[in-house]
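This report concerns only the one structure given below.
Derivation of every value follows stated rules applied to the coordinates shown; laboratory data play no part. In this text the structure is predicted, and so the values were computed from the model without any measurement. Heads up, the Cβs are rebuilt from the backbone with ideal geometry, glycines too, and the neighbour counts pull from every protein chain shown.
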């Protein structure tokens, strides 16, 4: 399996970067993961670190050299990450559990599998065209689905940062899994937080559409 990884992280105007990104691989399987700690709650960077670390640790234990069931692995790891944040909060007597959104992808056997919670996204581009992407667990996505706002209004909407599912919340997260998706040579996989997709969606699509290098990319800002 051949792939190229590109990573970028920018703090922006915030005093603390609460995003975490990682990848790891065995001989036959690749894991990409991005988590965006929720700044409106205490310890967002801790939540993101715990989630990403759990994905990496479980992958390194179970990918020998492939995962028996990638979708089961992704779902179970999200569930365990949510539970781990609750345990961390209880251990340190925190008034509020740290929270994060998360998106992760497995590439194995010429196929991609992914999972997400919240508004961290995955995009799949082929020959310059967007052929698949996740759907946010957010208020603005609901408004788009109901036809109350257009997709072009999402980035500047005052409720853009309101999500209804996350890891570490008071209720169990909504966990969305993909189907097994066939990959072709030159496909581009992008994992990102809202720092990328919310900044300039048209420029993002234009730039990625002109990049045809064979690669699998987790990218966030």
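Counting only residues that are touching a helix residue (DSSP H, G or I) at 6+ places or on another chain (Cβ under 6 Å) and more than 16 Å from residue 174 (Cβ to Cβ), the range 82-103 holds 3 of them.
Against the list (1) surrounded by 15 or more Cβ atoms within 10 Å (Cβ to Cβ); (2) over 18 Å from the mean Cα position of the chain (by Cα), the condition residue 103 fails is (2).
Confirm whether residue 124 is touching a helix residue (DSSP H, G or I) at 6+ places or on another chain (Cβ under 7 Å) and either in contact (Cβ under 8 Å) with a residue 60 or more places away in the chain or surrounded by 14 or more Cβ atoms within 10 Å (Cβ to Cβ) (or both). No, not satisfied. For the range 7-16, the criterion of a residue being touching a residue at least 24 places away in the same chain (Cβ under 8 Å), out of contact with any helix residue (DSSP H, G or I) (no Cβ under 7 Å at 6 or more places or on another chain) and crowded, with 16+ Cβ neighbours inside 10 Å is satisfied by no position.
Condition first: in contact with a strand residue (DSSP E or B) (Cβ under 7 Å, 6 or more places away or on another chain), in contact (Cβ under 8 Å) with a residue 60 or more places away in the chain and under 27 Å from residue 80 (Cα atoms). Can you find one or more residues in the range 129-143 that meet it? Scanning the range 129-143 turns up no residue that is in contact with a strand residue (DSSP E or B) (Cβ under 7 Å, 6 or more places away or on another chain), in contact (Cβ under 8 Å) with a residue 60 or more places away in the chain and under 27 Å from residue 80 (Cα atoms).
Residues of the range 47-76 that are over 18 Å from residue 25 (Cα atoms), surrounded by fewer than 21 Cβ atoms within 10 Å (Cβ to Cβ) and touching a strand residue (DSSP E or B) at 6+ places or on another chain (Cβ under 9 Å): 49, 75.
Looking across 146, 108, 141, one residue alone is out of contact with any helix residue (DSSP H, G or I) (no Cβ under 9 Å at 6 or more places or on another chain) and over 23 Å from residue 193 (Cβ atoms). It is 146. When you check residue 39 against the structure, is it surrounded by fewer than 22 Cβ atoms within 10 Å (Cβ to Cβ), out of contact with any helix residue (DSSP H, G or I) (no Cβ under 8 Å at 6 or more places or on another chain) and on the phi < 0 side of the Ramachandran plot, yes or no? The answer is yes for residue 39. When the range 145-158 is limited to residues that are more than 18 Å from residue 122 (Cα to Cα) and surrounded by 13 or more Cβ atoms within 10 Å (Cβ to Cβ), the one that is farthest from the chain's Cα centre (by Cα) turns out to be 149.
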